[in-house]
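Presented below is the structure to which this report refers.
The values are calculated or read from the model by the stated rules, or taken from the named source; none is laboratory data. Values in this document were obtained by computation on a predicted structure and should not be read as measured data. Note: ideal-geometry Cβ built from the backbone for every residue, glycine included; neighbour counts use all protein chains shown.
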Amino acid sequence: MENNLENFGSSAHEEAKTINSGDPSVREEKVDVKREEEAEKKVVNSEDLDKRDEEPQEEEKKEEPKEEEKKEELKEEEKKEEPKQEEENKEEPKQEEEKEEPKQEEKKEEPKEEENKEETKEEEKEEPKEEEKKEEETEKTEETDETEETPIVPATPPSLEKVSEDIDQFLMILHENNEAKENKNTTLEIPNCIRIFLYLVEEKMVKYDSNEVKWGEKTEEDAVFLECVSRISKLMKHFFDYYEAHQQEEEREDDKKKVKGKTDFMINGIGVIQQRVMSFLEEEFRLLMEEPRNQHKQDAKGKQHVAESSESEPPAETVIEYPGYTEETITNLSNIAKAMIEGGYENECCQVYAISRRHAFEDAMHHILGYDKISIDEVQRMPWESLEREIPTWINTWKECTSVWFPGEKRLAASVLAEVANTATSLYGILSRGILIPLLNFAESIAMTKRAGEKLFKLLDMYEALRDVVPNMDILFPNEIVSEMKAETTSAKCRLGEAAVLIFCDLENSIKSETGKTPVAGGAVHPLTRYIMNYLRLACEYKDTLEEVFKEHSKIERADSTSRPRYSDDGNKPKNPNNNNNNNSNKQKEDESPFAAQLMRVMELLDSNLEGKAKLYREVALSCIFMMNNGRYIVQKIKGSAEIYDVMGETWCRKRSTELRTYHKNYQVETWSKILSYLSPKGLSDNGKVPKPVLKERFKSFNAAFEEIHKTQSLWVVSDEQLQSELRVSISALVIPAYRSFLGRFSQYLDPGRQTEKYIKYQAEDVENYIDELFDGNPHGRR
Amino acid sequence: MPATTENNQGSFLGRISIRRNQVLSMDGSHEQEIEDLELFQKHVGDRFSELLSSTTSDDSSGDALLSIAWLRRLLDELLCCEAEFKAVVLMGRDPSQIAKPPLDKVLPEFLDRVVKSLDVCNAVTLGLDAVRNLQRLAEIVVTALDVAPLGDGQVRRAKKALSALVAAMLHEDNVGTKGTERTRSFGRRAGNNNKTTAPIRSLSSTMARNWSAAKQIHSMMSNLAAPRGAESSGLAQPIYIMSTVLVFIMWTLIAAIPCQERNGFGTHFPLPRQFTWAQPMIALQEKIAEEWKKKEKKGNVGLLEEMHRMEKLAQSLIEFADSFQFPAETDRLDEVKKQVAELGEICKKMDQGLEPLQQQIREVFHRVVRSRTEFLVVLDQAGKLSTPTV
């Protein structure tokens, strides 16, 4: 590194070559300056300045440079300035300026005697030619010199500002010349200001490197530095262009070879500084890029790194919008990016950008959203309970990424890499694609798991999350990947949809496979009914989605000729004549809504399954109660959910209610017609007389039958309170008036006292009370 | 973009259904079946011997073993085999045939392998991202060195990228195991001026934690045994062939492309020597295993041909950079120019090939998912399994 300065300082010389060959080990150190070396470097720098310092006086000593060790490097300068001075003595102020400047840091140096001597020899040889050339170029130099002529307070070091102006001027002229194509045949004049400029930039660089100045602390200083970097880039570009343009020509002209060498060394010198500066910027860029992530790391890990890394940034008190860069940082990043891109370091810049963002994004997914990747294979083996917990996290991650994070990344790329909009877009595209596809893989892997009824709802949640993003994708993603991202998302969505349809259709199987032969005690609601109805009620909360999924899927089914026809009628026979009408309307519905059709099918299967189960009861009355219980449960559930009611329709519900009334009637007939016959006056009036034995028999039979009914049917279960009371009321209305009138009419025929007590065990009120104990599911002891 | 299979499906099914009708119209369907099986075996053998011969042919028309172009051909073969396999085993078949022994065991095992192969596809996709990272580093090298006059600055720039490149080649592979902790760079600001040790970090996204390519391929290989006796003439045979093809291709991908956790990646691959169709696969497997063993010792990011060449060039360019002095010697410079040009050529190949390769892997992913579903539907129909296994 120490050589840097010498390289450019003496860049117009072959001298650098000798220095280099004499001191190759130093070269090895290259870009990365160790702090320890910096001090040394400074010495060298000042050394160089010293030489420059003495330069003016050297003019006379030119002929015998060997005596003046260490001054040789300046020859080059002289060479340059010589002609100028010869022609017009305008160079003077500048020289002075240079002379004065370094005195502050004057330090002594002794090395490189040998080398210097050699250099000087060479220099001497080439000098005349140099001069010739310079003369040829007077026109150009004149301009430059004039600008440098601006009065400068003597005894002040050349300010960066001033030198920068010179450089700008130089660049401008070059530019103008280029525009006019004037310099085609001219060789390049390398103004002295370049050398000083490079020196000053390096000095600044050293300050940054040694932490004397920190990046981001003084915006103005950074800005000045970046401007310098930009000048370096422009110089570099110019010299490369120049080199290219003059290469052949110079090869032809032998005498110009030296100039070529001179230019080469200048290019090398600028290149070295440029690389050093760019390397520094790259590192700063990286640190800035990682800022949000580092802050975040600190949060997670206790404040172990806080001290240095975030010192320059005020702790974020307010929550900064994703991705967590302050305005200031973004400006900073964008400035650095601009400088790097201008210098042809776009690849480095983008590389750092891409890697930082990819890691930051994935880290944030993990730390902020709690999202962990799970392999597809593992998903298949995980128990549902664990998987179930992962799904809301996934949905949240998906939504957050697609609604906030991706747009945030898009903005970030666009503002940081504003100079190269296309690259910014493509980097964002690569990032979002790399995040999106693994996320979708999780959806695919969930869709692949073993089907189970309880999974339906989570699958539909995921389906909806995917579906809702697809329409936004045109805005969300760059054109090049929109269709791919849409296709990927749609594919995952379809897999989930298919799985949902299959799961829903599995309800059929779960009904069909429910073939238990043990009747539910007391004719209560069958667990299957409860399960199916609750399931359907939940499913119908997703009604619209299910409708959509079924429509999608039936399309796929139609396209896929190899699969079985899912909606074909196999076991779907009408149960009773009433159904015929309904079947027709079902058919119509099926056309417009495969989901409704599937739901209908499930209901019909459930009905026929329940009918089969009803037959398991030995008592017809109990099977009626069973059917009423289940029927009522179903109707209540359907009426309780607007969505499912919509699907099933009013007609269907009315039909169910009619069916229920039929069961009710059947029950009454089954249970109570016999007992009512005991209370009939028929056969009790034998020519106006009441035959007492028959009467006694009637009372005995009634009592026995009623007790039996009470005993068994109070064990029966009607859990729906309304149905229970309806039943009791209807029984009471049937039995009480009949009993009351029977009592009123015939109790007088029994002897009061023991006989009455023996045969009239129940008053009408007692009967009513006993009726109210029916369908409780509890054994009621007889009084 | 081949992502959705629906479209592909259409044309594919079209082909199949014609075939199915033919099968159904044949009376001697058993003979037809045997013929189909033989044809399938023959095609598999033919496809792989083509792949093999392209690596041995001396002329430049062939694709080098494990080059991007070769891997793309390999994946093409997978897609073809898969389509034909489905035609032979699945299409137009009475579901009950598929559900009876030994298929009731062999088929779920196959489907299990299919699921595992999906993870390999995803890991390889991530690995290709890492390869692209290498490509970008190499591009920096090319940009830096492809200038005249070549100065110290450019050489240093190239050296930096080269070091990162070589380091990434060594470590890309192991990042998964180290978790998310990556080189932090507080160093310099904290006072130790160690910029030199902060390389461009590698770009490795990980699969799930603890996921291991080596374990995955190992479990795909387990229970992979050729059907014996009477079974060998039935449908168990094509299922076995397809399993072998699938496992072989996944094994090759893992060997070629950076993958999370390859410790214990076995080079031994039990391929059936008694079958003609397996011969070219065996030859390929031996070649790849040999390559693997050669590189295993010194840390290996993958056998991808382009990467391999890139590494050699990088090593040589690092040597050049280390000894570089301005101005450069013309002889050395010419040599470097050639190497830089070759590196640029590789970058170009990667630039053109990696993305299509990635998309092809994605296509394999979707295709394989799709056929798995189709198999499950048929198994469902067979009623032997009321719910899908796996």
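A few points about this structure:
- Remark: A:R530 falls outside the filter, which requires a residue to be within 13 Å of chain B (Cβ to nearest Cβ) and either without any contact (Cβ under 8 Å) to a residue 60 or more places away in the chain or within 30 Å of A:Y617 (Cβ to Cβ) (or both).
- Just one of the numbered conditions (1) more than 25 Å from A:I644 (Cβ to Cβ); (2) more than 34 Å from the chain's Cα centre (by Cα) is not true of A:S513: (1).
- Restricting the range A:413-463 to residues that are polar (S, T, N, Q) and more than 9 Å from chain B (Cβ to nearest Cβ) leaves a set whose member that is nearest to A:S375 (Cα to Cα) is A:S432.
- Index of the failed condition, B:V301 passing every other in (1) under 18 Å from the mean Cα position of the chain (by Cα); (2) assigned to a helix (DSSP H, G or I): (2)
- Test set (1) surrounded by fewer than 20 Cβ atoms within 10 Å (Cβ to Cβ); (2) hydroxyl-bearing (S, T, Y); (3) at pLDDT 95 or above - A:S513 fails condition number: (3)
- Criterion applied to A:V694, A:V690, A:V647 was being modelled with pLDDT under 90, buried (at least 17 other Cβ atoms within 10 Å of the Cβ) and aliphatic (A, V, I, L, M), and the one residue passing it is A:V647.
- In this entry, B:S53 is excluded by the filter for residues that are within 30 Å of B:V301 (Cβ to Cβ), of a type outside the set (A, V, I, L, M, F, W, C) and at pLDDT below 75.
- Residue selected from the range B:128-173 under the condition polar (S, T, N, Q) and more than 8 Å from chain A (Cβ to nearest Cβ), by the criterion farthest from B:A314 (Cα to Cα): B:Q135
- The listed residue being touching a Lys or Arg at 6+ places or on another chain (Cβ under 8 Å), aliphatic (A, V, I, L, M) and surrounded by fewer than 23 Cβ atoms within 10 Å (Cβ to Cβ), out of A:I395, A:I368, A:I391, A:I430: A:I391
- Taking the range A:523-537 as the range and being surrounded by 21 or more Cβ atoms within 10 Å (Cβ to Cβ) and assigned to a helix (DSSP H, G or I) as the test, the residues that pass are A:G523, A:T529, A:I532, A:M533, A:L536.
- Any hit, the range B:228-249, residues being crowded, with 18+ Cβ neighbours inside 10 Å and among the charged types (D, E, K, R): no
- Residue within the range A:325-345 that is more than 11 Å from chain B (Cβ to nearest Cβ), within 20 Å of A:E282 (Cβ to Cβ) and in a loop (DSSP other than H, G, I, E, B) present: yes
- Among the criteria (1) farther than 22 Å from A:K338 by Cβ; (2) assigned to a helix (DSSP H, G or I); (3) at pLDDT below 80, the one A:F170 does not fulfil is (1).
- Of the residues in the range B:141-151, at least one is charged (D, E, K, R), surrounded by fewer than 19 Cβ atoms within 10 Å (Cβ to Cβ) and touching a helix residue (DSSP H, G or I) at 6+ places or on another chain (Cβ under 8 Å).
- Of all the listed residues (B:V44, B:V88), the sole one being under 21 Å from B:T244 (Cβ atoms), assigned to a helix (DSSP H, G or I) and touching a Cys at 6+ places or on another chain (Cβ under 9 Å) is B:V44.
- Residue tally, condition crowded, with 23+ Cβ neighbours inside 10 Å and of a type in the set (V, I, T), over the range A:610-634: 2
- 2 or more residues under 19 Å from the mean Cα position of the chain (by Cα) and in contact (Cβ under 8 Å) with a residue 12 or more places away in the chain: qualifying helices (runs of 4 or more DSSP H) within the range A:372-490: A:384-400, A:406-416, A:421-448, A:456-469, A:473-476
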